[in-house]
1. Taking the range 820-851 on its own, how many of its residues are touching a strand residue (DSSP E or B) at 6+ places or on another chain (Cβ under 7 Å) and within 21 Å of V894 (Cβ to Cβ)?
2. When you check K509 against the structure, is it over 30 Å from A342 (Cα atoms) and either surrounded by 19 or more Cβ atoms within 10 Å (Cβ to Cβ) or modelled with pLDDT of 95 or more (or both), yes or no?
3. When you go through L150, L123, L161 one by one, which is the residue that is in contact with a strand residue (DSSP E or B) (Cβ under 9 Å, 6 or more places away or on another chain) and either within 21 Å of P214 (Cβ to Cβ) or of a type outside the set (F, W, Y) (or both)?
4. Hey, could you check the range 924-950 for residues that are assigned to a loop (DSSP other than H, G, I, E, B) and within 39 Å of the chain's Cα centre (by Cα) and say which is surrounded by the most Cβ atoms within 10 Å (Cβ to Cβ)?
5. Give the range 602-621 a look and list any residue that's surrounded by fewer than 21 Cβ atoms within 10 Å (Cβ to Cβ) and not in a helix (DSSP H, G or I), or say none.
6. Name the one entry in V158, V232 that is among the aliphatic types (A, V, I, L, M), assigned by TED's automatic domain parsing to the domain that holds D533 and over 18 Å from I112 (Cβ atoms).
7. Condition check: surrounded by fewer than 24 Cβ atoms within 10 Å (Cβ to Cβ) and touching an Asp or Glu at 6+ places or on another chain (Cβ under 6 Å). Does P429 satisfy that?
8. Which of the residues spanning the range 470-529 are in a loop (DSSP other than H, G, I, E, B), free of Cβ contacts under 8 Å to residues at least 60 places away in the same chain and not charged (D, E, K, R)?
Amino acid sequence: MHRLRTCAARLRPLTASQAAQTVGQQRPITVASPGGTRTFQPIRCYSAPVASEPFLNGTSSNYVEEMYYAWLENPKSVHKSWDVFFRNANAGAPPGAAYQSPLGLSAASGLIRGHHVAQLDPLGIMDADLDSCVPTDIITSSDKLGFYGLDETDLDKVFRLPTTTFIGGSESALPLKEIIRRLEMAYCQHIGVEFMFINDLEQCQWIRQKFETPGVMQFTLEEKRTLLARMVRSTRFEEFLQKKWSAEKRFGLEGCESLIPALKTIIDKSSENGVENVIMGMPHRGRLNVLANVIRKELEQIFCQFDSKLEAGSGDVKYHLGMYHRRINRVTDRNITLSLVANPSHLEAVDPVVQGKTKAEQFYCGDNDGNRVMSILLHGDAAFAGQGIVYETFHLSDLPSYTTHGTVHVVVNNQIGFTTDPRMARSSPYPTDVARVVNAPIFHVNADDPEAVIYVCKVAAEWRATFHKDVVVDLVCYRRMGHNEMDEPMFTQPLMYKQIKKQKPVLQKYAEKLIAEGAVSRQEYEEEIAKYDKICEEAYARSKDEKILHIKHWLDSPWPGFFTLDGQPKSMSCPSTGLTEENLNHIGQIASTVPVEDFTIHGGLSRILKGRAEMIRNRTVDWALGEYMAFGSLLKEGIHIRLSGQDVERGTFSHRHHVLHDQNVDKRICIPMNHLSPDQAPYTVCNSSLSEYGVLGFELGFAMASPNALILWEAQFGDFHNTAQCIIDQFICPGQAKWVRQNGIVLLLPHGMEGMGPEHSSARPERFLQMCNDDPDVMPNITEDFAVRQLYDCNWIVILLPFRKPLIIFTPKSLLRHPEARASFDEMLPGTHFQRLIPEGGSAVERPEEVKRLIFCTGKVYYELTKERKNRGMEGSVAIARIEQLSPFPFDQVKAESERFSNADLVWCQEEHKNQGYYDYVKPRIRTTIQRAKPVWYAGREPAAAPATGNKNTHLMELRRFLDTAFDLDAFKDQE
């Protein structure tokens, strides 16, 4: 869209060279003429309606020079639009007014937006853009010519073609009717191309060349036969399942069978361009077909899943499961690894997970440009438009620490969401409009035209390889069976499904087309069907063997070599996490200095670094320095660490400062932790976009790729995890149970009741504890390896162990700077271990039989309890024990502590409200530990709907009230 403009100065007859000088100049030019010296403003290109683009965009200065010179001699020798332009300019038209929309070619150029009238719906009943009105600037009949001031007599006029169009091929001029015809063939048939919103001329021209060049959609005989074979497999697979298990849900692909050859084409083309690893994510529709015919999973393993008598090793339905497979790509004869990531029914939730896994695979193989590893995401039309996670994932696509260098998105556009008409499901014209935010081209295609589908998929793969940016293929199709095979779609979409019942299957239509062309014979077609049917029948017979079902066949992220050592399972042990004093001092020195010369840091940061150096001299650490020690030691051992989230580089509470910024040089930064040693692993610390759902999903996917890495996501405040609850509930908590997927993701959730109001107080620990899988009423058998065995059996935690579990850490806020929240080097030396429970260590242990009350607690409230105990002078009568590992519950250590103070009553104290926090989790477990010999009393805030009060005075009153309860030795006597 370009507009030629000129200034108020009139165009007098200039010499040819003077006229040329005005084109594309940024400053006025001065020329001498018989009438004296004149100054002319430049002729420049500006935005204008789409219709004008082919005529004006890219018009060379020589061409303008020729036209202007010719116009001076004979105004009729140039097109009428240029005649108008030159006349207006000569008449003194103000800037912008000399230009008027050109006619001929501008009329044709409206067809670039031909996706509005393209024949995209295989059923012929829906408008893909939900609008039956044809835009006024798109020529669909001769009466539309009047919009441009043209009539039918202009159709035979020959127009010179500008360099911005490729419809001419080797021809430089064409009659208008031929121009319109060729553009209609390129943009208004079974392919609709959306790209004019892209603000990059090179990219736009690249797309135009792919669709406008005459003859680009020609296929060889071999390509057509391969496409037919793939269509046969896609179609007959669904028909076989329907025949064998007609009463089973499978979310089949009927109505979009061309998806299989579409995906295989993207993979073939990408393999040809050097891709070795493709990570895929998709919803449940068509998943079994993709597993069978794209990933090439053994058919008998799929068929086994339909046998309800078999005890499957997975805890999920077959159409949610994933797969990992390395094989030869038969088209390119190159090795390729394909993985389909498991996904729940939360359709688009897998999007960021796939992106994170892709980023990790790129990172670990040194693929900095995405040339070897790529992702493909499949979507449904309703979910693509309706789910906010799609938008969040798109906005990660070009961020340095999150980009995967281009994703191919394939939308299976059923034109319906379950029972919801698209006119009720979205406000945008297309379900794919969300992709416009990142300037991704969108190729709409009629899924009943397999050759058109294959062509746009080739272009999509080439786009990704060329520009390393996202691209969308919108397969406009239909859903033959309803939402699932048991559903009755006629209840809600009677007219659509009447048409669907009449619709000839796409395989039949394409086979008839090829037979008519002579590309294949009917006998060859029938033999291809019989060959695949035989494959299915033989696999079905093998599937009856119960021994073949094994969960390893369904892993989407295997970790070869991690679970064994020298061919044997690793021992169930928990090694010391301590460090030598030399190591502690070295890491502390890095943490308290700037290891780069001539680097100016903020004055306040200088004080922080001096404070760290002082702590190192005193052999103590606070939380931030302790984190530094943990990260630094792992990096020196070769463990990659990635910390991601909102503001994690500095830390929300200005405590971390892992990235230093030069105060005088823009974008100059220093990450001291990457200066620990020459052979250390890299430390990746990156501020994320303002997203929780998308970013946590991304980091979860990153953690899938390797067990030998520490991947952490930190919420800005702990309660922000609730907008990522889907990832926690569907992937992190049950991931191993559903998909046998171990994962070491760590969630850092700032938590603490500090009078700051209902928001930013609680990380909702009760939610995580509720989802823990241990039994509160069963006292486990205390064995030598009890602590490790507990961790192995639970559903989340992670330490240095021969397995990986997610870990939830409720991190401090005020304790980051609390003078008592410090640890000595002595607690971190070799031989030390993580303490699941920190027992009472004060004067109460001298005469434990005299202790009247044993208070169990966790977190920040401990410091308030110890302060209150000291103020009351009750150090000898009240013992306080901290449970550091809430789940799995430390039954053995709680039992030992309870028995040590056998005469004490037991109290659980927390600052959270009674219906929140930890009480409902710990109470039954403490009672099980002591065999219900005595009650477990509660000291804390009363039940409430909100996590905290918004009134500071009320907050303090609540604190005073529960502290009084905790230390009133008679508080619970009336309840006994």
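1. Matching residues across the range 820-851 total 6.
2. Yes: the conditions hold for K509.
3. Criteria check complete, one pass: L161.
4. A948
5. Matches in the range 602-621: H602, N618, R619, T620.
6. Selected residue: V232, the only one of V158, V232 that is among the aliphatic types (A, V, I, L, M), assigned by TED's automatic domain parsing to the domain that holds D533 and over 18 Å from I112 (Cβ atoms).
7. Spelling it out, P429 is indeed surrounded by fewer than 24 Cβ atoms within 10 Å (Cβ to Cβ) and touching an Asp or Glu at 6+ places or on another chain (Cβ under 6 Å).
8. Once the filter is applied, which keeps residues that are in a loop (DSSP other than H, G, I, E, B), free of Cβ contacts under 8 Å to residues at least 60 places away in the same chain and not charged (D, E, K, R), the range 470-529 yields G482, G518, S521.
The values are calculated or read from the model by the stated rules, or taken from the named source; none is laboratory data. What you are looking at is a predicted structure, and each value in this text was computed from that prediction instead of being measured. Here Cβ is always computed from backbone atoms with ideal geometry, including for glycine, and neighbour counts include all displayed protein chains.
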